[in-house]
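Quick notes on the structure that follows.
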Amino acid sequence: MKKYTIEKRKGFLGYSAFAKAAVITTILLVSCNQKDYRLAKVTGSKTEIDTTIQSIHEIDEFIAPFKKSLDVQMDEELSFNPVSMNKNDYKYNTPLGNMLAAIVLEQGEPIYTSRTGKNIDVVLLNHGGIRAGLPAGPVTMRRAYEIMPFDNEIIIVELTGEKMNELINYLIDRKSAHPFNGMQIILNADNSINKVSIQNKPLDKSKTYTVATSDYLYSGGDNMSFFKEAPMVKIDYKIRNATIDYFKKVDTIRFERDNRFEVLD
């Protein structure tokens with residue numbers, strides 16, 4: 001009977017033929033015995049993040065200096081508001097909505113004009129995007145974040161006269177206090193149109209108008225489909241930041257309800 005021995009040499013090539021065969025056989029057997037594992041079920045649970053969650057002392061201690069510094073910045077008085085304003089104060093236009101539309105125009109137009117040489121004809125925002133009112137008293141950065149918590153940016157869209165007509169009909173159909181600037185819509189008691197003007201002139205369907213709005217509405221938010229695929233320009237300016245910058249530069253906030261959108265008796 002022939003004997004096989006394993007030579008004690010370094011490296012795989014140093015083994016005898018029997019040893020090489022044994023190693024290869026072992027590898028093949030292991031490979032053949034591998035099981036095919038597949039994901040059969042996924043389970044999960046929901047944890048509500050609210051005031052019932054207990055704080056962790058170490059984390060609280062770590063962030064305390066940063067929170068203190070941030071609170072000082074957020075609560076610094078930037079301006080003063082003599083009369084409380086809320087988004088549902090009136091049906092068709094409100095002081096708060098008129099303020100936001102005016103801010104977008106005042107803060108955004110200089111940037112747009114410097115880049116394009118054009119002016120803004122109309123501003124249109126959405127009623128639902130206003131998430132808090134502005135109480136009477138000191139106006140702070142925190143208030144700006146409460147009113148406009150989203151990172152929506154100002155963009156300027158070019159709309160044909162036909163698309164502007166769709167925009168106006170949208171506002172008439174909704175009969176809501178969507179903030180806008182640069183237009184006037186007057187309806188008769190039976191909801192027929194009494195007057196529509198843009199920059200104090202009748203709508204010209206052969207003209208192209210520039211409309212400042214938010215990136216959310218441009219993407220079809222609130223079913224504003226008239227913005228779809230229209231040429232637009234970004235000015236890299238968040239509505240909230242424009243609001244904060246405006247608060248910083250004025251001493252007192254003064255806005256009122258007016259007749260930019262109303263229904264005659």
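The values are calculated or read from the model by the stated rules, or taken from the named source; none is laboratory data. All values derive from a computational prediction rather than experimental measurement. Neighbour counts are summed over all protein chains in view; Cβ atoms, including those assigned to glycine, are modelled from backbone coordinates with ideal geometry.
How many residues does segment 204-232 hold that are modelled with pLDDT of 95 or more and either basic (Lys, Arg) or under 12 Å from residue 121 (Cα atoms) (or both)?
Final tally of qualifying residues: 7.
Residues of segment 44-88 being surrounded by 10 or more Cβ atoms within 10 Å (Cβ to Cβ), among the aliphatic types (A, V, I, L, M) and either outside any helix (DSSP H, G or I) or within 28 Å of the chain's Cα centre (by Cα) (or both), which ones?
63, 70, 74, 78, 83, 85 - these are the residues of segment 44-88 that are surrounded by 10 or more Cβ atoms within 10 Å (Cβ to Cβ), among the aliphatic types (A, V, I, L, M) and either outside any helix (DSSP H, G or I) or within 28 Å of the chain's Cα centre (by Cα) (or both).
Would you say residue 236 is exposed (fewer than 13 other Cβ atoms within 10 Å of the Cβ), at positive phi and in contact with a strand residue (DSSP E or B) (Cβ under 8 Å, 6 or more places away or on another chain)? It would help to see each step written out before you state the result.
Working: exposed (fewer than 13 other Cβ atoms within 10 Å of the Cβ): yes; at positive phi: yes; in contact with a strand residue (DSSP E or B) (Cβ under 8 Å, 6 or more places away or on another chain): yes.
So residue 236 passes the test.
Select from segment 24-52 the residues that are of a type in the set (A, V, I, L, M, F, W, C) and either modelled with pLDDT of 75 or more or in contact with a helix residue (DSSP H, G or I) (Cβ under 6 Å, 6 or more places away or on another chain) (or both) and list them in ascending order. Lay out the reasoning, then the answer.
Step one: of segment 24-52, the residues of a type in the set (A, V, I, L, M, F, W, C) are 24, 27-30, 32, 39-40, 42, 49.
Selection gives 39, 40, 42.
Determine which single condition residue 222 fails, assuming it passes every other condition in (1) within 30 Å of residue 79 (Cα to Cα); (2) assigned to a helix (DSSP H, G or I).
All conditions are met except number (1).
Considering each of 259, 241, 181 in turn, give the residue that is under 21 Å from residue 100 (Cβ atoms), without any contact (Cβ under 8 Å) to a residue 12 or more places away in the chain and not basic (Lys, Arg). Break it down stepwise before answering.
Details: 259 fails: without any contact (Cβ under 8 Å) to a residue 12 or more places away in the chain; 181 fails: without any contact (Cβ under 8 Å) to a residue 12 or more places away in the chain.
Among 259, 241, 181, only 241 is under 21 Å from residue 100 (Cβ atoms), without any contact (Cβ under 8 Å) to a residue 12 or more places away in the chain and not basic (Lys, Arg).
Across segment 173-193, what is the total count of residues that are closer than 22 Å to residue 86 by Cα and either surrounded by fewer than 16 Cβ atoms within 10 Å (Cβ to Cβ) or of a type outside the set (Val, Ile, Thr) (or both)?
Quick first cut of segment 173-193, residues closer than 22 Å to residue 86 by Cα only: 174-185.
Subsequent filtering for residues that are either surrounded by fewer than 16 Cβ atoms within 10 Å (Cβ to Cβ) or of a type outside the set (Val, Ile, Thr) (or both) retains 174-184.
Qualifying residue count for the region: 11.
Only one of 132, 102 is closer than 16 Å to residue 255 by Cα, modelled with pLDDT of 95 or more and surrounded by 15 or more Cβ atoms within 10 Å (Cβ to Cβ). Can you tell me which? Lay out the reasoning, then the answer.
Values: 132 fails: closer than 16 Å to residue 255 by Cα.
The unique qualifying residue is 102.
What's the number of the condition residue 123 fails, among (1) out of contact with any strand residue (DSSP E or B) (no Cβ under 6 Å at 6 or more places or on another chain); (2) not in a helix (DSSP H, G or I); (3) not charged (D, E, K, R)?
If we test residue 123 against (1) out of contact with any strand residue (DSSP E or B) (no Cβ under 6 Å at 6 or more places or on another chain); (2) not in a helix (DSSP H, G or I); (3) not charged (D, E, K, R), just (1) comes out false.
May I ask you to list the residues in segment 75-101 that are under 19 Å from residue 135 (Cβ atoms) and of a type in the set (Gly, Ala, Ser)?
Of segment 75-101, the ones under 19 Å from residue 135 (Cβ atoms) are 75-90, 94-100.
79, 84, 97 - these are the residues of segment 75-101 that are under 19 Å from residue 135 (Cβ atoms) and of a type in the set (Gly, Ala, Ser).
This table checks each residue for (1) under 17 Å from the mean Cα position of the chain (by Cα); (2) not aliphatic (A, V, I, L, M).
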position: 95; (1), (2): no, yes
position: 102; (1), (2): no, no
position: 106; (1), (2): no, yes
position: 112; (1), (2): no, yes
position: 121; (1), (2): no, yes
position: 134; (1), (2): no, no
position: 142; (1), (2): no, yes
position: 154; (1), (2): yes, no
position: 169; (1), (2): no, yes
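Among the residues that make up segment 207-219, is at least one of them touching a Gly at 6+ places or on another chain (Cβ under 6 Å) and surrounded by fewer than 14 Cβ atoms within 10 Å (Cβ to Cβ)?
We begin by selecting, within segment 207-219, every residue touching a Gly at 6+ places or on another chain (Cβ under 6 Å); these are 207, 212.
Keeping just the survivors that are surrounded by fewer than 14 Cβ atoms within 10 Å (Cβ to Cβ) gives 207.
Within segment 207-219 (the criterion being touching a Gly at 6+ places or on another chain (Cβ under 6 Å) and surrounded by fewer than 14 Cβ atoms within 10 Å (Cβ to Cβ)), the answer is yes, since at least one residue qualifies.
Which of the residues that make up segment 87-113 are among the β-branched types (Val, Ile, Thr) and in contact (Cβ under 8 Å) with a residue 24 or more places away in the chain? Steps first, answer last, please.
Going through segment 87-113, the residues among the β-branched types (Val, Ile, Thr) turn out to be 94, 103-104, 111, 113.
Within segment 87-113, 94, 103, 104, 111 qualify.
Among (1) modelled with pLDDT under 95; (2) touching a Ser or Thr at 6+ places or on another chain (Cβ under 8 Å), where does residue 144 come up short?
Of everything listed in (1) modelled with pLDDT under 95; (2) touching a Ser or Thr at 6+ places or on another chain (Cβ under 8 Å), residue 144 misses just condition (1).
Under 9 Å by Cβ, and 6 or more places apart or on different chains, what pairs join a residue from segment 114-127 that is within 14 Å of residue 97 (Cα to Cα) and of a type outside the set (A, V, I, L, M, F, W, C) with one that is at pLDDT below 95 and in a helix (DSSP H, G or I)?
From residues that are within 14 Å of residue 97 (Cα to Cα) and of a type outside the set (A, V, I, L, M, F, W, C), the pairs are 127/174.
List every residue pair whose Cβ atoms lie under 8 Å apart, where the two residues are 6 or more positions apart in sequence or sit on different chains, the first residue falls within segment 143-164 and is touching a residue at least 40 places away in the same chain (Cβ under 8 Å) and under 16 Å from residue 100 (Cα atoms), and the second residue, located anywhere, is of a type in the set (Phe, Trp, Tyr) and part of a strand (DSSP E or B).
153/237; 154/237
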